[in-house]
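To start, the structure itself, in structure tokens.
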Amino acid sequence: MKIKIFNREICVCALLATNSICAKSSAEMGLTMKPVFIINGFLESGKTEFILFTLSQPYFQIRGTTLLILCEEGETEYDEEILKKSHTIVEVVDEESQMVPAKLIELDKRYKPERVIIEYNGMWNFKNFKLPWHWQLEQQITTIDASTFQNYYTNMRSLLAEMLRKSELIIFNRCDGMMEQLSSFKRNVKAVNPQAEVIFEDKNGEINQIFEEDLPYDLSSDMLKLDDYGYGIFYLDAMDNLNRYLGKTIQFKAMVLKPEGSHDEYFVPGRMAMTCCADDMAFLGYACKYEKCSELSNKDWVEVTATVHNEFWKDYNGEGPVLHGICVVPAKKPKNEILNFM
């Protein structure tokens, strides 16, 4: 089975599961919450193909009506037979001014759907979109045409960032002949949404992307000395490929963050990063166990030498990268305090 199909099956299974969970929770609370699944992306990015794939799966033949709201109509048309088999009703809302809670409540009353799928218009600012109070966003997926990504990223970055920010899955399709650019594309979207799963597809299915050769440091070295750019790449790459770093020693310049409740047992060395624009900042750092934490103060600049481990960490809600500090010494504030992924 191709990973491409496996991942898409996960999406559909998650949809079915959340329907069941949502219904149970709603019944317990005496509420009727409506599960909503949003597929967004710019025009011709593959949204319709993805939804058609989902609706056509045998295990999508579930009880109740699915309301599919189209906010734009591309070249690909919906197959009437697939819509019929999946009990799907299509409603077109092609004006942003109409995509408001009052209109959605009207559609809810008219069709009484069990679930809602929204094919959202990529030219509408997703930041302004609001659901009715009793509609609950269960899953958001963004599709991207790799051949046009750089143009949109350069010229419509804020719109793109709003699409990506809460997406669980980001699918780059039409990646044929673009292998050299994919690692950069992944870093761009991970800077906005580090938790999202990113998939690359060409005409044959999912691409097994291995970008180790694109890293700005030599993983064969026992000590990785990370400059500003290298630290940013390490932070992003360690989320998906932690095994590359386990047991290695890294050295980097960072600002000290001592979370409330850390009890001088650990601190978080990291850097502020601009992920989209000047108003969109994030602190990028992993927990670091260090026996001399009491000697550190918030916002100190330090040079950290530490080893990388995979451990359970409460703030991660599971296992993840945890640093074991070897040496932490004062350092000069860098000329550019903020990492820039733009």
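Largest accessible area first, the residues His309, His87 order themselves as His87, His309 under a 1.4 Å probe with ligands, DNA and RNA left out.
Just to confirm, what accessible area per residue do you get for the chain at 1.4 Å probe, in whole Å²? Each step should come with its number before you reach the end.
Details: 17250 Å² over 342 residues.
With the other protein chains kept in place, the chain gives 50 Å² per residue.
Given a 1.4 Å probe and every protein chain left where it sits, what share in percent of the accessible area of the chain is carbon and sulfur?
Values: 8560 of 17250 Å².
Looking at the chain in its full context, I get 50 percent from C and S.
Among DSSP beta bridges lying fully in the chain, give the percent that are antiparallel, nearest 5. Can you show the working numbers first?
Working: 31 of 69 bridges.
Among the beta bridges of the chain, antiparallel pairing accounts for roughly 45 percent.
Listed cross-link partners Lys130/Lys253; Lys34/Lys190; Lys47/Lys248 are compared with a 31 Å cut-off, the Cα-Cα value being larger for Lys130/Lys253; Lys47/Lys248. Computed about its Cα centre, the charge dipole of the chain is approximately 780 debye, with only Lys, Arg, Asp and Glu carrying charge at their Cβ. The distance linking the stretch 157-201 with the stretch 286-325 is 28 Å (Cα centroid to Cα centroid, whole angstrom). Compared with the alpha-carbon gap, the fully stretched path from Met156 to Gln61 is longer by 30.4 nm at 0.36 nm per residue. Partner lysines whose Cα lies under 18 Å from the Cα of Lys84, excluding those fewer than 8 positions away in the same chain, are identified as Lys112. Only helices at least 27 Å long along their axis, Cα-based, and averaging -0.5 or more on Kyte-Doolittle count here, so list those DSSP H runs from the chain. The answer, listed by residue number, is 3-29. For Lys127, the lysines whose Cα comes closer than 17 Å to its Cα, not counting residues fewer than 8 places off in the same chain, are Lys166.
The values are calculated or read from the model by the stated rules, or taken from the named source; none is laboratory data. The shown structure was predicted, so the numbers you read here are calculated from the model rather than taken from an experiment. Positions of Cβ are generated from backbone atoms using ideal geometry, with glycine treated the same way; all protein chains shown enter the neighbour counts. We work out accessible area using only protein heavy atoms, side chains counted, and drop any ligands, DNA or RNA first. Shrake-Rupley method; radii C 1.70, N 1.55, O 1.52, S 1.80 Å.
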